[in-house]
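Below is one structure, written out as structure tokens, with a few remarks after it.
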Amino acid sequence: VRNAPPPVNARTTLDTCQALATRCSQCAHAAHATQTVWGEGPIGAPLMLVGEQPGDREDLEGRPFVGPAGQLLRAALDELHWPAEQLYLTNAVKHFKYEWRGKRRLHKTPGQREAMACQQWLEAEVRAVQPKAIVALGATAARSLLGPDLAVSDHEGLWLHRADGLPVLVVRHPAAILRTDPAMQAALRQRWVEHLRLASKVLQ
Ligand code: URA
């Protein structure tokens with residue numbers, strides 16, 4: 001799978017899947033979200049980064065990783081000098097799951113059922129983009145890509161292989177760093193960037 005060229009109509013396939021995901025009824029969240037937040041980046045990007053789900057900002061803007069956790073990620077990508085044109089950024093779940101708290105929409109972690117419902121869209125992206133490797137940011141992404149029973153904390157900073165041979169690097173989700181005690185944040189961020197750096201070898 002890894003060395004096959006991307007399907008000739010990969011962009012059309014992705015556009016079609018995005019349109020279908022917008023009308024998806026396999027979980028409740030397409031109906032509640034502002035829009036589908038689809039992946040971003042070129043077909044054939046050697047590295048795909050997979051997050052959990054869009055947050056409030058992503059839901060409103062329709063782009064992945066533009067909220068606070070996304071900005072942390074994008075700063076790390078700059079620090080690593082990873083060229084944007086070699087990256088495809090997406091999420092395991094394509095719609096924002098939230099609950100109202102007063103006037104604010106609070107993020108709710110997607111459950112396994114929602115992640116499973118969305119897996120077809122993520123796999124469609126993997127097939128179309130044909131990355132050489134994937135970085136799984138956090139447990140939802142790692143389990144969607146590698147199987148629901150994965151104990152993510154045991155594999156942080158490690159490369160695992162999918163049944164199709166595609167290597168997946170498991171790292172923390174950037175939101176986990178933002179949630180950490182501020183006194184520990186700098187050290188945790190440093191460790192996380194070093195884990196991400198392990199994927200530099202995939203880039204040209
Ligand atoms: N923004 C995203 O797009 N994905 C995440 O997982 C978190 C924030």
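Nothing in this text is a laboratory measurement; each read-out follows from the coordinates by a stated rule. As the structure is a prediction and not an experimental result, all values here were calculated from the model. Reconstructed Cβ throughout: ideal geometry from the backbone, glycine too, with neighbour counts over all protein chains shown.
Annotation: amide H-H contacts under 5 Å for TYR98 (H modelled 1.01 Å from N, sequence separation of 5 or more, or interchain): LYS108.
At a 10 Å Cβ-Cβ cut-off, how would you order TYR98, TYR88, fewest neighbours first?
Taking fewest neighbouring Cβ atoms as first place, the list is TYR98, TYR88.
For the range 11-61, the spherically averaged projection of the C-alpha convex hull amounts to 4.1 nm².
Share of antiparallel DSSP beta bridges in the chain, in percent to the nearest 5?
40 percent
Which FRET efficiency, nearest 0.05, do GLN185 and THR12 yield, Cβ-Cβ r, R0 41 Å?
That pair, GLN185 with THR12, gives E of 0.45.
Modelled spin-label separation between ASP78 and ARG23, with each label point placed 7 Å from Cα along the Cα-to-Cβ direction: 4.1 nm. Under a straight-distance cross-link criterion of Cα-Cα below 30 Å, which lysines are reachable from LYS108, leaving out those fewer than 8 residues away in the same chain? By straight Cα distance, LYS108 reaches LYS94, LYS97. Taking the number of Cβ atoms within 10 Å of each Cβ as an exposure proxy, the fewest-first ranking of LYS94, LYS201 is LYS201, LYS94.
Average the reciprocal distances over every distinct pair of alpha-carbons in the chain, invert the result, and give the Kirkwood radius in Å.
Working: mean 1/r = 0.0586 Å⁻¹.
Final number for the Kirkwood radius of the chain is 17.1 Å.
Within the chain, which whole H helices from DSSP have a Cα span along their axis of at least 15 Å and a mean Kyte-Doolittle hydropathy of -1.0 or more, if any? The partial results should precede the final answer.
Numbers: long enough: 10-22 (18 Å, 0.09); 68-79 (17 Å, -0.02); 112-129 (25 Å, -0.39); 182-197 (23 Å, -0.66).
Membrane-span-like by this rule: 10-22, 68-79, 112-129, 182-197.
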